[in-house]
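Computed from the coordinates by the stated procedures, all read-outs in this text should not be read as laboratory data. Keep in mind it's a predicted model, so treat the numbers as computed, not measured. Neighbour counts are summed over all protein chains in view; Cβ atoms, including those assigned to glycine, are modelled from backbone coordinates with ideal geometry.
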Amino acid sequence: MKALLSIAGLVLFITCTSCAQNKSKSKENTATFPIQKSEAEWKKIMSPMTFEVMVKRGTEPPFKNPYDKHYAKGIYVSAATGEPLFSSDDKYDSGSGWPSFTKAIKSGVITVVTDNSHGMIRDEVIETKTGLHLGHVFDDGPKDKGGKRYCMNSAALKFIKK
């Protein structure tokens, strides 16, 4: 009888923990964004570099991108959606080789998530509407502007002149 109760307890334990794991897995897979497209759909509307950066979460080469040393006045919008993301008023030369900003143009247009790729733990910046990769944020920005450096990929952005 004791063995039967032990087996029943074990079965109950496995069943409960399996359900909890499935719920957890389900939560991870249900993150949704208002704008969703398949990789094939994004590929049709993006340049190869933009697709590599935004969809495949790649990084363009430093210092050899259009917006690193770009100082015109205007706004930077998502290359995927045209959503305004950053202002030239908040852009600065970080010396990193990528366009850097102290903040987003307004609250809610970007989201910061954990990036565990390449054996590092970093804060990844994604577009809130699509979940697509824009770059990373670091705590080494100008202290008088909040201390953040939003290090973006030019390929994830398009510039609209004022």
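Within the shell defined by Cβ-Cβ distances under 14 Å, the residues around residue 78 carry a net charge of +2, with Lys and Arg each +1 and Asp and Glu each -1.
Among 92, 71, sorting on how many other beta-carbon atoms sit within 10 Å of each Cβ, with the fewest leading, yields 71, 92. Taking a ≥ b ≥ c as the square roots of the eigenvalues of the alpha carbon gyration tensor, the stretch 47-161 is rounded, as a/c is under 1.5. In this structure, the residue pairs whose Cα-Cα separation is over 24 Å, taken from 37/145; 37/64; 56/143; 103/129, are 37/145; 37/64; 56/143.
For the stretch 40-49, backbone phi angles converted through the Karplus equation (6.51, -1.76, 1.60; θ = phi - 60°) give residue-by-residue couplings of 4, 5, 5, 4, 5, 10, 10, 5, x, 5 Hz, Gly and Pro being listed as x. Residues 121, 110, ranked from the fewest to the most other C-beta atoms within 10 Å, line up as 121, 110. Computed over neighbours whose Cβ is under 12 Å from that of residue 160, the net charge equals +3, Lys and Arg +1, Asp and Glu -1. Panel order for 134, 85, by other beta carbons found within 10 Å of each beta carbon, from fewest to most: 85, 134. Full extension of the chain between residue 120 and residue 38 yields a length gain of 26.8 nm, computed as 0.36 nm times the residue separation minus the alpha carbon distance. Distances between placed amide hydrogens fall under 5 Å for residue 94 paired with 100, all partners being 5 or more residues away or on another chain. The loop-placed trypsin sites (Lys or Arg not before Pro) in the stretch 81-112, going by DSSP, that have at most 11 neighbouring Cβ atoms within 10 Å of their Cβ come out as 106. Amide H contacts of residue 141: 148, 149, each under 5 Å away and 5 or more positions distant or on a separate chain (H built 1.01 Å from N in the peptide plane; Pro and chain starts excluded).
As I understand it, the dipole of the stretch 47-161 uses +1 on the Cβ of Lys and Arg and -1 on the Cβ of Asp and Glu, about the Cα centre. Which of 118, 155, 53 lies farthest toward its positive end? Toward the positive end, the furthest listed residue is 155. Net charge dipole, the stretch 47-161: roughly 260 debye, given to the nearest 20, about the Cα centre with Cβ charges of +1 for Lys and Arg and -1 for Asp and Glu.
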